[in-house]
Amino acid sequence: MKISTIKELLDAEVVCGADSLEREVYSACGSDMMSDVLAYVKDQAVLLTGLVNAQVVRTAEMMDMVCIVFVRSKCPTEEMVELARESNLVLLKTRKRMYEACGKLYAGGLCKNGEKR
């Protein structure tokens, strides 16, 4: 699924990385616990989270993720935006809650860890 499709499905706003919306994403993870992200996420994933601190961006970078979606209208700090730009990560934000956002992506065809339905 392209990041542009994720943006549409979640009615999300681009915070940074607008030039990378055509990148492909193969799996998704919804968590506010970065230890879970480290344990379960594979490459080319999108992270949905309500956690707003620099560790989120660092974790996503370490796990070769390509996009972070902040749920519940959470706004990343300027430090986070700068880290994301340096790491070529797309940052999106949506008003949707985690449960609804994950459900919309699943219904749209995106599964965890690249699994097929």
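Annotations
- Cβ-Cβ FRET estimate between Thr77 and Ser4, R0 fixed at 22 Å, reported to 0.05: 0.30
- Applying the Karplus relation 6.51 cos²θ - 1.76 cosθ + 1.60 with θ = phi - 60° to the stretch 13-24 yields 3J(HN,Hα) values of 9, 7, 8, 7, x, 4, 7, 10, 5, 8, 5, 8 Hz, where x marks Gly and Pro.
- Leu48 long-range amide H proximity, modeled H, under 5 Å: Cys29, Gly30, Ser31, Val69
- Accessible surface area normalised per residue over the chain is 53 Å², counting heavy atoms of protein chains with a 1.4 Å rolling probe.
- Here the chain exposes an accessible surface that is 47 percent carbon and sulfur, computed with a 1.4 Å probe and the other protein chains kept in place.
- Beta bridges by DSSP in the chain, antiparallel share as percent, to the nearest 5: 25 percent
- Within-10-Å neighbourhood charge of Ser4 [Cβ basis; K, R +1; D, E -1]: +1
- Stretched out straight at 0.36 nm per residue, the stretch from Leu38 to Glu22 would grow longer than its current Cα-Cα span by 3.2 nm.
- Listed by chain and number, the aspartates and glutamates whose C-alpha is less than 16 Å from the C-alpha of Lys74, apart from same-chain residues fewer than 8 away, are Asp11, Glu13, Asp32, Glu100.
- At q = 0.28 Å⁻¹ the log10 of I(q)/I(0) for the stretch 58-110 amounts to -1.09, computed by Debye summation with a single uniform scatterer per C-alpha, solvent ignored.
- Calculated P(r) of the chain - Cα pairs past 26 Å, %: 5 percent
The values are calculated or read from the model by the stated rules, or taken from the named source; none is laboratory data. Please read all numbers here as calculations on a predicted model, not as lab measurements. Every residue, glycine among them, receives a Cβ derived from its backbone with ideal geometry; neighbour counts consider all protein chains shown. Quick note on the areas: whole protein, heavy atoms, side chains included, nothing else; ligands and nucleic acids left out. Shrake-Rupley method; radii C 1.70, N 1.55, O 1.52, S 1.80 Å.
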